[in-house]
Amino acid sequence: MNDIKINKIYISNYNFERTPLYETFLKNAQKNEIPIFIIGAGDSEKLGNTMQLDVLYPYYKMKFFDINDNHGSLVLHITSKNTSILLTGDIGIIDETILLQQNIDLKSDILKIGHHGSKYSSTENFLKAVNPEIAILSYGENNLYGHPHTETIERLQNQNITFYETAKQGTITVLIDKNGYTVEGMYTK
């Protein structure tokens with residue numbers, strides 16, 4: 001927030017635990033005069049003249065029996081004329097199952113894999129429903145959690161989904177234009 005220009009911040013309507021890190025986030029946004037908007041499933045916004053953002057999850061007033069803040073991850077569907085992207089945050093199996101039960105059209109050209117490739121996300125049924133051409137795995141090399149897990153990589157390979165990994169290719173940029181999209185990584189190991 002201190003280094004790049006941010007016009008607004010969208011956060012989930014989920015009732016997050018008020019940790020010191022979360023409080024610091026809120027203070028930094030206020031210090032930098034960045035407005036924060038609370039959003040949930042059903043909300044949408046135009047992004048410029050050609051793109052649409054639709055919030056698919058979490059639903060307003062959802063309650064869970066565990067205290068896993070990952071349930072509050074925003075699931076965003078971004079569409080342009082020729083390209084669609086599904087951003088899944090840190091959702092896991094429970095959240096994917098809820099989305100699948102809603103009979104929402106999840107089909108997307110590009111999928112940001114949930115929870116850094118955890119074995120508890122990106123289930124076979126979810127991947128089939130999204131049916132992406134490509135997937136992006138965001139994780140750090142040699143991370144403490146062992147992400148991405150072998151099970152997740154195997155599910156991607158079994159469905160012939162091309163995937164990109166930040167630990168191997170650096171920052172991954174998807175450029176969208178009137179003809180579709182291109183994917184760029186900063187480096188390849």
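Here, each number is a calculation from the coordinates, and none is a lab measurement. Values in this document were obtained by computation on a predicted structure and should not be read as measured data. Every residue, glycine among them, receives a Cβ derived from its backbone with ideal geometry; neighbour counts consider all protein chains shown.
From its DSSP helices (H runs of at least four residues, each -39,500 (n - 2.57)), the chain gives a residue-normalised ellipticity at 222 nm of -6000 deg cm²/dmol. With one equal scatterer per alpha carbon and no solvent term, the Debye-computed log10 I(q)/I(0) for the range 10-68 at 0.28 1/Å reads -1.13.
Say the dipole of the chain comes from +1 at the beta carbon of Lys and Arg and -1 at that of Asp and Glu; which of Thr162, Ile104, Ile4 then lies farthest toward its positive end? The residue sitting most towards the positive pole is Ile4. Give the relative contact order (percent, whole number) for the chain; include only Cα pairs under 8 Å separated by 6+ residues. Computed over the chain, the figure is 13 percent. Note on the chain: along the principal axes its Cα atoms extend 44, 41, 37 Å, ordered by decreasing extent. When the C-alpha to C-alpha distance is required to be over 18 Å, the pairs from Lys46/Lys128; Lys112/Lys168; Lys46/Lys112; Lys27/Lys61 that qualify are Lys46/Lys128; Lys46/Lys112; Lys27/Lys61.
Given contacts defined as C-alpha pairs under 8 Å and at least six residues apart, what's the relative contact order of the range 108-151, whole-number percent?
Numbers: 53 pairs, mean separation 22.3, N = 44.
Once divided by the residue count of the range 108-151, the mean separation gives 51 percent.
Sorting the segments 66-77, 157-168, 1-12, 84-95 by their mean number of nearby beta carbons within 10 angstrom, highest to lowest, gives 84-95, 66-77, 157-168, 1-12. Among the GluC sites (Glu not before Pro) within the range 23-114, those in coil by DSSP and having at most 15 neighbouring Cβ atoms inside 10 Å are Glu33.
Along the range 114-122 the Karplus relation, 6.51 cos²θ - 1.76 cosθ + 1.60 evaluated at θ = phi - 60°, assigns HN-Hα couplings of x, 6, 6, x, 4, 5, 9, 8, 6 Hz to successive residues, with x for each Gly and Pro.
Which entries of Lys31/Lys107; Lys5/Lys178; Lys5/Lys81 show an alpha-carbon separation above 31 angstrom in the structure shown? In this structure, Lys31/Lys107 exceed 31 Å between Cα atoms. Placing +1 on the Cβ of every Lys and Arg and -1 on the Cβ of every Asp and Glu, with nothing else charged, gives the chain a dipole about its Cα centre of roughly 320 debye.
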